[in-house]
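The values are calculated or read from the model by the stated rules, or taken from the named source; none is laboratory data. Quantities reported herein were computed from a predicted structural model and do not represent experimental measurements. Cβ placement follows ideal geometry from the backbone for every residue including glycine, while neighbour counts extend to all protein chains displayed. Ligands, DNA and RNA are excluded from the accessible area calculation, which covers all protein heavy atoms including side chains. Shrake-Rupley method; radii C 1.70, N 1.55, O 1.52, S 1.80 Å.
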Amino acid sequence: MIRVAVFGAAGYIGGEVLRLLLGHPETEVTAAVSSRFPGKRVDSVHPNLRSATDLTFCDAEQVTECDVVLLATPHRSAMALVRQWASRTELLIDLSGDFRLRDADAYKRYYGVAHEAPELLDSFVPGIPELHRDELRTARLISVPGCMATAGLLALRPPAARRLIASRVLVDGRTGSSGSGATAGEGNLHAERSGAMRVFAPVAHRHEAEIAQHTGLDVRMTATGVEAVRGVQVVCHTELAPGADHRAVRAAYREAYSDEPFIRMVSHKRGVYRYPEPKILLGSNFCDIGHAADEGSDRLVVIAALDNLVKGGAGNAVQCLNVRMGWPESYGLSFPGLHPM
Amino acid sequence: MIRVAVFGAAGYIGGEVLRLLLGHPETEVTAAVSSRFPGKRVDSVHPNLRSATDLTFCDAEQVTECDVVLLATPHRSAMALVRQWASRTELLIDLSGDFRLRDADAYKRYYGVAHEAPELLDSFVPGIPELHRDELRTARLISVPGCMATAGLLALRPPAARRLIASRVLVDGRTGSSGSGATAGEGNLHAERSGAMRVFAPVAHRHEAEIAQHTGLDVRMTATGVEAVRGVQVVCHTELAPGADHRAVRAAYREAYSDEPFIRMVSHKRGVYRYPEPKILLGSNFCDIGHAADEGSDRLVVIAALDNLVKGGAGNAVQCLNVRMGWPESYGLSFPGLHPM
Amino acid sequence: MIRVAVFGAAGYIGGEVLRLLLGHPETEVTAAVSSRFPGKRVDSVHPNLRSATDLTFCDAEQVTECDVVLLATPHRSAMALVRQWASRTELLIDLSGDFRLRDADAYKRYYGVAHEAPELLDSFVPGIPELHRDELRTARLISVPGCMATAGLLALRPPAARRLIASRVLVDGRTGSSGSGATAGEGNLHAERSGAMRVFAPVAHRHEAEIAQHTGLDVRMTATGVEAVRGVQVVCHTELAPGADHRAVRAAYREAYSDEPFIRMVSHKRGVYRYPEPKILLGSNFCDIGHAADEGSDRLVVIAALDNLVKGGAGNAVQCLNVRMGWPESYGLSFPGLHPM
Amino acid sequence: MIRVAVFGAAGYIGGEVLRLLLGHPETEVTAAVSSRFPGKRVDSVHPNLRSATDLTFCDAEQVTECDVVLLATPHRSAMALVRQWASRTELLIDLSGDFRLRDADAYKRYYGVAHEAPELLDSFVPGIPELHRDELRTARLISVPGCMATAGLLALRPPAARRLIASRVLVDGRTGSSGSGATAGEGNLHAERSGAMRVFAPVAHRHEAEIAQHTGLDVRMTATGVEAVRGVQVVCHTELAPGADHRAVRAAYREAYSDEPFIRMVSHKRGVYRYPEPKILLGSNFCDIGHAADEGSDRLVVIAALDNLVKGGAGNAVQCLNVRMGWPESYGLSFPGLHPM
Amino acid sequence: MTTATQTCPECDGALTINDSVRMSEVLECPGCRSELEVVATAPLLLALAPEVEEDWGE
Amino acid sequence: MTTATQTCPECDGALTINDSVRMSEVLECPGCRSELEVVATAPLLLALAPEVEEDWGE
Ligand SMILES: NC(=O)c1ccc[n+]([C@@H]2O[C@H](COP(=O)([O-])OP(=O)(O)OC[C@H]3O[C@@H](n4cnc5c(N)ncnc54)[C@H](OP(=O)(O)O)[C@@H]3O)[C@@H](O)[C@H]2O)c1
Ligand SMILES: NC(=O)c1ccc[n+]([C@@H]2O[C@H](COP(=O)([O-])OP(=O)(O)OC[C@H]3O[C@@H](n4cnc5c(N)ncnc54)[C@H](OP(=O)(O)O)[C@@H]3O)[C@@H](O)[C@H]2O)c1
Ligand SMILES: NC(=O)c1ccc[n+]([C@@H]2O[C@H](COP(=O)([O-])OP(=O)(O)OC[C@H]3O[C@@H](n4cnc5c(N)ncnc54)[C@H](OP(=O)(O)O)[C@@H]3O)[C@@H](O)[C@H]2O)c1
Ligand SMILES: NC(=O)c1ccc[n+]([C@@H]2O[C@H](COP(=O)([O-])OP(=O)(O)OC[C@H]3O[C@@H](n4cnc5c(N)ncnc54)[C@H](OP(=O)(O)O)[C@@H]3O)[C@@H](O)[C@H]2O)c1
Ligand SMILES: [Zn+2]
Ligand SMILES: [Zn+2]
């Protein structure tokens, strides 16, 4: 069994990492770090794990030798932990925003603070199996992208790579409340957040930089909090490049993704669920992608959906771990989602 | 215009008081007290009032002479304010739990602290127009009951008063998240509170004492937080007294409530909305009441629903004010609720 | 009292028309037409009206003389009713899509059928007080725009009229489930529709033609059903015209809307509700509008929100009626909305 | 591989059966019967199965030889299918209400029609591993109880069996909308069902007969539809028998359930999730049970929660199948549920 | 049962069609869920059945 | 690390306590999640920490 230490284990991403690793045939969680709850049972914070484990949280200082370190802490705190652990473990996977952007200046611009370990930025392999599977097989440092970023870049990469779309893309992201973590802010109070259609980032959401980096497109992003706990959807608006047509777009997706275990193409002509929608994906590691063209115009709309805590975070990290270890990619990730939901 | 000062104006009940008084033809809000937001616009906290007022919050010290004082602060803080204001104003209406129970010992038992102004307990008239209309006309101190208590006591009083029901009653209360106020606790975080069926008081909820006091019944109460922001429902389970039958129950309600402007009897044989349900009452001052008998048994079920912030609090206070001032009872309270919702 | 007959009175828009007219000081509902429920009480379908009226539904044939006819029936059925009633009443207000587009060809394109009364298209005044107040004062036929169209055209008209924005606009509409009316389709079943983020029109939603007509812009629209019963939000993405800046945009709105009773500008730098959001508007006739610019780019985002059944339909119709009759515009429309919600 | 035919496969329980069997290591679905969708892909109705299967629905007539027949059709239709299949298969599991009650008269009373195969009633083993594990090992006909009944009987059986509770029990059931299946009735329309607290059975809900049968208690049941798609909770109110105390109740549960793989005792003194709540159980086969005593009174409250489509139906059926086949009971049932949710 | 592969006229996705297919039979494309009517069998010719519109959002 | 088993004073559930336990340490019962303070170590004595009330529904 591979020994894994999870930092930020009392948070939403941390809890999801625990759920997945506890159901994984090859991993053992040897440390679940929390500064607020040391000594408390993990299932006192994550009640879904009640019969799955007797694990208790520990302090960061109590973490002993392990094979893999998973960071599910806020950005900025991850930098320090990376410095501390990078050399002491075989593999470190960071789920925060700290090592997603290659460019320290972009980091400063989008996160408002200077990067404290810019020299490490190049050592991280992006935690995107669909785009970096080969590098992941030998990676020592992996940085998993943001939840809406993952949806957006998986949605846009195939047509972008084949230069089928015009450069400027508008990404409209919609997210549930778990996307902001387990921290009780005023706007996350149930009576305030419930039923929201809250445009919290009308322009310049952070994830636009990540999507741009992985697609080469000029990405502009808007983000809205909608009524949901889990789930993210992006609707990407762009135009076909001169000479490109919808058929070529479809072929691009088929070529890129037909063998991907966790990508499904969904653009249906019938039925209730014609385009990607998060609610049937909750708990699953799928990213569903669909697209539609406006007849008689060059407009292209691409839609993607995923569970922000799974394919948008913890599940993607576990998939990367599976790739890295040479295990089947679906280990720990076989739950298909529920309907009705 | 009658000048009203509202304490606790930045809270959920306080905000609802403001909404109702701003739409009232005879009242003027002269002070909206908040210790957290003095100087801030009222609509920065209550965005629904955006074009209704330019009022700003003030400190408690800034409150000047006024005709009516309305307390929408937590229990315990109300006691001190009552002492301070009781003699300085024509009418004081307290919405907290501090002056609802006649018995200082019961207060201690249910609120966990000793009452600091037990000598004033007898001076308060219960803010229940349906039961105390005449006393309210000349009241100087009014104490409005709790939200689930209001639903429960209005539901049970008519058959209880006519001795149609056995003494022990089980009151099952269900409440939305606004019932716990605007304070962001861990359990009120959207991702935790959303979709809840949270039995937060399996036994001995505070409101049982209030219902008992107003009905003379032996009341046992259970309370569950369900998915909703506003709205309270009580389902009361009891048995018919020997000799009583369902017909007599129906007559008791008819007699008690047929002229009440804000009580509607709802026990329908057809349609989607057969029994009282809060969602169509949101924003309205109605308390809907229904009842059902179990054929061939002595079981009686009584159901009541209301909006906890309106008939369960602010609306009831305004109705009391209307009674006290000799105004039409519906002043400021004419909104009927919405469907669909 | 002005006598009003409402067709489609058992539907969601029809029910909202009833609610508003029953609370209106100058109107009397003399007929509520329903083919499914003739003879049934209106409140058996619209339970929120339980103590507001004893009215029963009638058949279309039973409608007698009246001053105003309000059509809240599906498109296509409205055409026939218009032919029948246009000459028999002082004022007819159509809430369907039948007389919104000036161009019979556009109607065919967006509604899939030929228009049956194209000669009447020019006789209708658009039911948009903010743009056509003067014509409405003398109108005999009024056509109220669609719910998302209302939000979109009110949002875009001021900068468009002043040529501050580039021609192509992307309108991203989000809607609650009441937007599709009271008809139980498979996709509207609670278990299917609940928690949806359903892109039901990735391209070419009908309302784009209406917004284009009223703004002169090249409008492309996407529409998503989100978790909500009531409420519509549009997020409009466009670019500033050469030479225009954000300040000019702000001035355009101020100039156009500062005296409008039902438009509020909402682009705040602080607080939980910074941009327009429907939930605090439910039941109210407000359309909130906000805008944001992307620093260092020409991007402009305009956001609008309203209650689809009020300002997006019935409330707008009543506002038009008030204008037409010379009554205060807020008659019947004074409910401000609720918070929390 | 064991070959399973599923009748009612296009329904909600049928879909859940498919999900679980497709993830089961020992079963193969050889027929998914639907009269509405023969020839259509199973995933066109159950979109969560999109990459899990290429199966298409078939007509009842097309079902060929198989080892196990699972009936997920409405009551009454199951009777006919049982007659037809009982002798043609090794094992038949019925999920409908047709063979749950031992007594044909009780069936008539609660279902309103005469039973058509009363002679078979005795041949069915109740599909409750916790109570009938040994009989299930050799069963040929299994009848799985109703969703709220399962929660109620598992909650009440241990103290009832030890005569710790008084005879009369009030069971208050709360259910999500999937409990009424995939049939679009007027009251199941999203705009009507959303946010409901709908007391659809104030007295005499069907499941009371089942709970009574399995516990020997005098059960009275009330049922309310609350805002949720999946999930059932029962709150059972009763009194301790003379001489019994809360400690004995606790011991009864420990004794009965400490080795049960899918029962968890949840009565916590701290944390957000102190008592059983369905939302963290969605998709899982757990039934969580908790209890509370009213100090200084004989009142006992027992609470249970489960996912109506899993432990309340399809999951329980699969657990029974596992018992019958001698497989590990958790085969196909390992998903632990999600948090946050 | 022998099968042939065709391409969906709507989405270019692969359609597996077995030989017993008959005139007027309606097939469902696994890629886009279009309904495809068999309008000729030798050689096989498929025609798109009309799309069902959803009428949402007004 | 040797361990001993005790019974929770609140719920009678089994508590596994390791020998290194110290005075004033707070343990969590896995059965009922009560917090139990070590008030004596030889012999081991546990006392219930006060319950945290939730203030909902009013
Ligand atoms: N939520 C999502 O959808 C999502 C998706 C993808 C990636 N992410 C990323 O994942 C990370 C965690 O997000 P989350 O949503 O799980 O947040 P969260 O629920 O707030 O959890 C963060 C956890 O980090 C710990 N923590 C806080 N400050 C820390 C510090 N300075 N040093 C070490 N630990 C600290 C906290 O535990 P203690 O206070 O107990 O130590 C907390 O439980 C973030 O970087 C986020 O950007 C989130
Ligand atoms: N929510 C309901 O459904 C409901 C129904 C009926 C009755 N009530 C009662 O109404 C009262 C208010 O409830 P709520 O739900 O509105 O609570 P809330 O939203 O938490 O608001 C309470 C307000 O009181 C103020 N406050 C807090 N501590 C105070 C103190 N020591 N002295 C003076 N002011 C203080 C706070 O404003 P600042 O911090 O800005 O001063 C806060 O805005 C409570 O007594 C409650 O029991 C509530
Ligand atoms: N829902 C919105 O947000 C919204 C907003 C703005 C405008 N609109 C427009 O308002 C109209 C009504 O929409 P809705 O949402 O209220 O729909 P709805 O709930 O389905 O109601 C439509 C009503 O029209 C009646 N009706 C149906 N077919 C008819 C026919 N052929 N002739 C006469 N009456 C017929 C029906 O009543 P009976 O079957 O009982 O006769 C039904 O109650 C539509 O044109 C819609 O486009 C809707
Ligand atoms: N929903 C729950 O929570 C739950 C829990 C436990 C048990 N159950 C029981 O499970 C059964 C199915 O419930 P459900 O909620 O899944 O209902 P559902 O969603 O309405 O599905 C029932 C299915 O049965 C088929 N059917 C209808 N009439 C039939 C007939 N006369 N003969 C054969 N098949 C017929 C229908 O498919 P076609 O029309 O395509 O043939 C339909 O898909 C019911 O007996 C119910 O009591 C339900
Ligand atoms: Zn296709
Ligand atoms: Zn314990």
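Take peptide D:35-48, look around each residue's Cβ out to 10 angstrom, count Cβ atoms belonging to other protein chains, and average those counts.
Taking all residues of D:35-48 together, the mean is 5.
What are the residues of the range A:1-34 that lose 30 Å² or more of accessible area, with a 1.4 Å probe, going from their chain alone to all protein chains?
Buried-area filter returns A:12, A:19.
Could you give me the ³J(HN,Hα) list for the range A:72-79, computed from phi with Karplus coefficients 6.51, -1.76, 1.60 and θ = phi - 60°, whole Hz, x at Gly and Pro?
10, 10, x, 4, 6, 5, 5, 3
Run the numbers on the range A:147-306 and let me know its relative contact order in percent, using alpha-carbon pairs under 8 Å that are six or more apart.
Details: 325 pairs, mean separation 46.5, N = 160.
Relative contact order, the range A:147-306: 29 percent.
Computed over the Cα atoms, what is the radius of gyration of the range C:111-236 divided by 2.2 N^0.38 Å, N being its residue count? Intermediate values should be presented prior to the final figure.
Working: Rg = 16.1 Å, N = 126, 2.2 N^0.38 = 13.8 Å.
Normalised Cα radius of gyration, the range C:111-236: 1.16.
Using a 1.4 angstrom probe on protein heavy atoms only, which residues from the range C:319-341 are buried by at least 40 Å² of accessible area when all chains are present rather than their own chain alone?
SASA drop of 40 Å² or more in the range C:319-341: C:335, C:336, C:338, C:339, C:340, C:341.
Return the Rg/Rh value of the range D:68-182, two decimal places, where both radii are evaluated on C-alpha atoms and Rh is the Kirkwood radius.
0.98
Starting from the 7 Å offset along Cα-to-Cβ, what nm value, one decimal, do you get for the label separation of residue B:116 and residue C:183?
About 6.3 nm, to one decimal.
Take chain D, connect every pair of alpha-carbon atoms lying under 10 Å apart with a spring to form a Gaussian network, then pick out the residue of D:203, D:144, D:29 with the largest mean-square fluctuation.
Checking each option, the largest mean-square fluctuation is seen for D:203.
Work out from phi, with θ = phi - 60° and the Karplus expression 6.51 cos²θ - 1.76 cosθ + 1.60, the ³J(HN,Hα) of each residue of the range B:247-264, listed in order in whole Hz, and give x for Gly and Pro.
Here the 3J(HN,Hα) series is 4, 5, 4, 4, 5, 4, 5, 4, 4, 6, 10, 5, 9, 6, x, 10, 10, 10 Hz.
Taking each label point as 7 Å beyond Cα in the direction of the beta carbon, state the distances from residue A:328 to the same residue in the other copies, shortest first, in nm.
The projected label point of residue A:328 is separated from its counterparts by 1.4, 7.2, 7.3 nm.
Rolling a 1.4 angstrom probe over the protein heavy atoms, how many square angstrom per residue are accessible across chain D?
Working: 10710 Å² over 341 residues.
With the other protein chains kept in place, chain D gives 31 Å² per residue.
What ³J(HN,Hα) values, in whole Hz, does the Karplus curve 6.51 cos²θ - 1.76 cosθ + 1.60 give for the range B:43-48 when θ = phi - 60°, with x put for Gly and Pro?
6, 6, 9, 10, x, 5
Return the long-range amide H neighbours of residue D:197 (sequence gap of 5 or more, or a different chain), with a cut-off of under 5 Å between placed amide H atoms.
It is B:279, by chain and number.
I'd like the mean, over residues of F:31-37, of how many other protein chain beta carbons sit within 10 Å of each residue's own Cβ.
Average neighbour count from other chains, rounded to a whole number: 5.
Nearest 5 is fine: what % of DSSP beta bridges in chain D come out antiparallel, could you say?
Of all bridge pairs located within chain D, approximately 45 percent are antiparallel.
If you draw the axis that swings chain C onto chain A, which residue of C has its Cβ closest to it, and how far is that in whole Å?
In chain C, the Cβ lying nearest the symmetry axis toward A is C:227, 2.
For chain C, restrict the atom set to alpha-carbon positions and state the Rg and Dmax in Å.
19.4, 63
Kindly give the distances from residue B:117 to its copy-mates, label point to label point, with each label point 7 Å from Cα along Cα→Cβ, as nm values to one decimal ordered shortest first.
Result for residue B:117, in nm, nearest copy first: 5.9, 6.5, 7.2.
Taking Cα pairs under 8 Å and at least six residues apart, what relative contact order does the range C:2-123 come out at, in percent?
Working: 208 pairs, mean separation 27.5, N = 122.
Relative contact order for the range C:2-123 comes out at 23 percent.
Any idea of residue D:215's accessible area? Nearest 10 Å², probe 1.4 Å.
Answer for residue D:215: close to 20 Å² accessible.
Which of C:42, C:117, C:32 sits farthest toward the positive end of the charge dipole of the range C:2-123, with +1 on the Cβ of Lys and Arg and -1 on the Cβ of Asp and Glu?
It is C:42.
Evaluate the Debye formula for the range C:147-306 with equal point scatterers sitting on the alpha carbons, no solvent, and hand back log10 of I(q)/I(0) at q = 0.13, 0.15, 0.18, 0.19 Å⁻¹, in q order, two decimals.
Log10 I(q)/I(0), no solvent term: -0.60, -0.78, -1.09, -1.19.
With both bridge residues required to lie in the range B:147-306, what share of the DSSP beta bridges run antiparallel, to the nearest 5%?
So the antiparallel bridges amount to about 70 percent of the total.
Above 16 angstrom, tally the Cα pairs of the range C:2-123 and express them as a % of all pairs, no decimals.
Numbers: 4391 of 7381 pairs.
Above the 16 Å cut-off, the range C:2-123 has 59 percent of its Cα pairs.
If the label point is 7 Å along Cα→Cβ of residue D:51, which residues in the range A:264-278 have backbone nitrogen under 18 Å from it?
Once the point is set 7 Å along Cα→Cβ of residue D:51, A:264-268, A:274-278 turn out to lie under 18 Å by backbone N, inside the range A:264-278.
Order the peptides F:27-34, E:21-28 from the highest to the lowest mean number of other Cβ atoms within 10 Å of their residues. Walk me through the numbers before you get to the answer.
On the way: F:27-34: 21.2, E:21-28: 13.1.
Descending packing order for the listed peptides: F:27-34, E:21-28.
What's the average, rounded to a whole number, of partner chain beta-carbon atoms within 10 Å of each residue's beta-carbon in A:295-301? Display every interim value, and only then the final one.
Details: counts 2, 1, 4, 0, 7, 2, 7.
That average works out to 3.
Please identify every one of the trypsin sites (Lys or Arg not before Pro) in the range A:1-84 that sits in a loop by DSSP and has no more than 16 other beta carbons within 10 Å of its own beta carbon. Can you show the working numbers first?
Working: sites: A:3, A:19, A:36, A:40, A:41, A:50, A:76, A:83; in loops: A:36, A:40, A:50, A:76.
Filter output for the range A:1-84: A:36, A:76.
List, shortest first and in nm to one decimal, how far the label point of residue D:51 (7 Å from Cα along Cα→Cβ) is from its counterparts in the other copies.
Spacings between copies for this position, smallest first, are 2.9, 5.0, 5.7 nm.
What residues have an amide H closer than 5 Å to that of residue A:56, excluding those fewer than 5 places away on the same chain, when H is modeled at 1.01 Å from N in the peptide plane?
When sequence neighbours closer than 5 places are left aside, the close amide H contacts are A:42.
Provide Rg over Rh for the range C:230-341; use the alpha carbon set for both Rg and the Kirkwood Rh (inverse mean inverse pair distance).
Values: Rg = 15.3 Å, Rh = 15.1 Å.
Radius of gyration relative to Kirkwood radius: 1.02.
In the protein assembly as shown, what percent of the accessible surface is made up of carbon and sulfur (1.4 Å probe, ligands and nucleic acids excluded)?
Working: 23780 of 50260 Å².
That fraction is 47 percent.
Based on the alpha-carbon set only, what is the convex hull volume of the range C:228-271 divided per residue, in Å³? Could you put the intermediate results ahead of the total?
Values: hull volume 5.7 nm³, N = 44.
Considering the Cα atoms of the range C:228-271, their hull volume per residue is 130 Å³.
What's the total accessible area buried between chains B and D, using a 1.4 Å probe, rounded to the nearest 100 Å²?
Working: alone 15230 and 15240 Å², together 26730 Å².
In total, chains B and D hide about 3700 Å² from solvent.
On the first, second and third principal axes, largest extent first, how far apart are the outermost C-alpha atoms of the protein assembly as shown in Å?
Reported extents, whole Å, longest axis first: 85, 77, 74.
Let me know the shape class of the range F:3-48, please: from the alpha-carbon gyration tensor, a ≥ b ≥ c as square roots of the eigenvalues, rounded when a/c is under 1.5, otherwise prolate if a/b is greater than b/c, or oblate. Before the final figure, lay out the partial values.
Details: a/c = 1.76, a/b = 1.39, b/c = 1.26.
Taking the square roots of the gyration eigenvalues as a ≥ b ≥ c, the range F:3-48 is prolate.
Angle, helix D:315-325 long axis vs. longest principal axis of chain D, Cα atoms, 0 to 90°, nearest 10?
That works out to roughly 70 degrees.
Rank D:95, D:71, D:20 by mean-square fluctuation in a GNM of chain D with C-alpha springs under 10 angstrom and give only the top-ranked residue.
Answer for the Gaussian network model of chain D: D:20.
Counting DSSP beta bridges in the protein assembly as shown, what percent are antiparallel, to the nearest 5? Working shown, then result.
Details: 134 of 258 bridges.
Among the beta bridges of the protein assembly as shown, antiparallel pairing accounts for roughly 50 percent.
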